[in-house]
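First up is the structure itself, then whatever we jot down about it.
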């Protein structure tokens, strides 16, 4: 030890490297650089097309300074209305389905077979992208908000059930045991021993999911599953960038309001 | 604890009358909102068409199975593109997110009145708009292709990464920063030796987390023409080539699960 110290005396301090083995370090750095270089090289960019498009990009930015709410107002209104309706309905149904699945996916409550089934449902819902689910459902159910509603409900299950189950697994065992000791039935045990502990988290997550569902509902229309996305897509196809700007501003404003509200609610229930 | 007198005996209740009524009111309002929303959805649905859902599902299912494995040869290029979009998109997003995060954090921002609101505006506006919408916009600006998808993913990720990063910066231990400052270090030296080592684990975690999300998102960018495997999905869907669709969906599922596995491993190793 002292020999190591002795040899380092007098030399200035240097930051210890990220990986101590120099071979591994250089291999990792070179590998990453080679990959990035190759990946960048493999991307084809049509610079003349980009140059021609800059004009449109400028139009888009100008559109934000003068958004056009009036020309397509009827389409925007009905699209927003459908988005909000889908968001509300799917969040409610999603929460209602996720609660039993979350109980099943918590290892300290559910027996192993139920745990595995519920975890499987959660994993499936998380692995499938909303847009892909929406495409399949539109193919089966046809165009319209029903496909979007089911998609969002399904996506809510994966998100909410997973996080809620983790919260249930982290809960304090003592109150739950105390309820058990009174001779409570299983339902009473859940209701008085578990539910009060996870309620703040459940409300917080639900508000957050409402926010996410609204944002997602804005794109589901691109594949025909209802909502403001269809209006947005049409506006893009017509290169009506002032209408696009108006729709995007409405989406951003709504998301900000929702985030602000959920912030207030979350601080109040804590 | 509210206690109510009932026939001379005291009865304990969880809530007093006022909170009970407000709770009922909130439940009523919530239920009404849901029923109304469901009604609207129901009115916009052709229920007559729903009678044969089972048949339609079975029909599509039988047509989609088995997947056309030979089509896999044509998918390697798009898979590589998708991976490039996700990885390079995350990289570019991080490069742009770091200065934004430092400008947005209360303890490192150069000016609370001018720079911080601008940084927060960048974070909110890039975060609220879905990457598919960004892709739609960029396809109309720079033309269809991988490049549009790459920029869309980068822009969408800036807000996400910058938000998590500036929260990490605000939570650092000020004592270490003070110690570095006390040695007479310059501003950038304070950053490199006082702040950066503290946020490094958070930074790596955010990078991998976002990379995982970006893989999911880049698989569908092709639907609006922004490159990657979604392009093949879209063209297969358009010609109703269900065996190809099922193969592509399978490939996407495998890619997403692999991405999540890698990200979980890396995060486990860091934290």
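Taken together, the values in this text are just the output of simple stated rules run on the coordinates, not laboratory data. Since the model is a prediction, treat every value here as computed from it, not as a measurement. Counting neighbours? That spans all protein chains shown, and the Cβs are built from the backbone with ideal geometry, glycine included.
Some observations on this one:
- Approximating the spin labels as points 7 Å out from Cα along Cα→Cβ, the residue A:124-to-residue B:65 distance works out to 1.3 nm.
- Per residue of peptide B:159-171, the mean number of Cβ atoms on other chains within 10 Å of the residue Cβ is 0.
- Separation in nanometres of the label points that stand 7 Å from Cα toward Cβ, at residue B:204 and residue A:38: 2.4
- Hull-based mean projected area of the range A:146-194, where the convex hull spans the alpha carbons, in square nanometres: 4.2
- Span from the the range A:150-193 Cα centroid across to the the range A:1-56 one, whole angstrom: 46
- For the protein assembly as shown, the Kirkwood estimate of hydrodynamic radius, built from reciprocal distances between every pair of different alpha carbons, is 26.2 Å.
- Averaged over peptide A:79-88, the number of partner chain Cβ atoms lying within 10 Å of each residue's Cβ comes to 3.
- Size of the range A:1-150 as Cα extents on the principal axes (Å, biggest first): 78, 62, 29
- Three semi-axes of the equivalent ellipsoid, the range A:9-56, Cα gyration tensor, whole Å, largest first: 42, 16, 6
- Inter-label distance, nm, simple model (7 Å from Cα along the C-beta direction), residue A:51/residue B:170: 4.5
- Extension gain, residue B:28 back to residue B:74 (0.36 nm per residue minus Cα-Cα distance, nm): 11.1 nm
- Among A:33, A:222, A:112, residue whose mean-square fluctuation peaks in a GNM of chain A (springs only between Cα atoms under 10 Å): A:33
- For the pair the range B:128-181 and the range A:210-265, the centres of their Cα atoms are 19 angstrom apart.
- Candidates B:84, B:140, B:157, ranked by Gaussian network fluctuation over chain B, Cα under 10 Å, top entry: B:140
- Sites residue A:174 and residue B:118, calculated FRET efficiency, Cβ-Cβ separation with R0 51 Å, nearest 0.05: 0.55
- Reciprocal of mean inverse Cα separation for the range B:201-241 (Kirkwood radius, Å): 11.3
- Two-site FRET efficiency, residue A:261 against residue B:183, from Cβ-Cβ distance with R₀ of 35 Å, rounded to 0.05: 0.15
- Within 10 Å of each Cβ in A:195-205, the average number of Cβ atoms from other chains: 0
- Ratio of Rg to Rh for chain B: 1.14 [Cα atoms; Kirkwood radius as inverse mean 1/r over pairs].
- Residue B:46-residue A:64 FRET efficiency (beta carbon distance; Förster radius 51 Å; 0.05 resolution): 0.85
- Orientation-averaged projected area, Cα convex hull of the range A:155-244 (nm²): 7.6
- Quarter the surface of the alpha carbon convex hull of the range B:124-271 and you get the mean projected area, 10.7 square nanometres.
- Zero-based 5 Å bins, Cα pair distances in the range B:1-123, whole percents: 2, 8, 6, 6, 5, 5, 6, 9, 14, 12, 9, 8, 5, 3, 1, 1, 0
- Angstrom value of the Kirkwood radius, inverse mean 1/r, which spans all Cα pairs in chain A: 23.0
- In the calculated pair-distance distribution of the range B:5-54, the portion above 18 angstrom amounts to 62 percent of the Cα-Cα pairs.
- Residue of A:44, A:240, A:177 that the Gaussian network model of chain A assigns the largest fluctuation, springs spanning Cα pairs under 10 Å: A:44
- Packing rank of A:183-190, B:215-222, where each peptide gets the mean count of other beta carbons within 10 Å, highest leading: B:215-222, A:183-190
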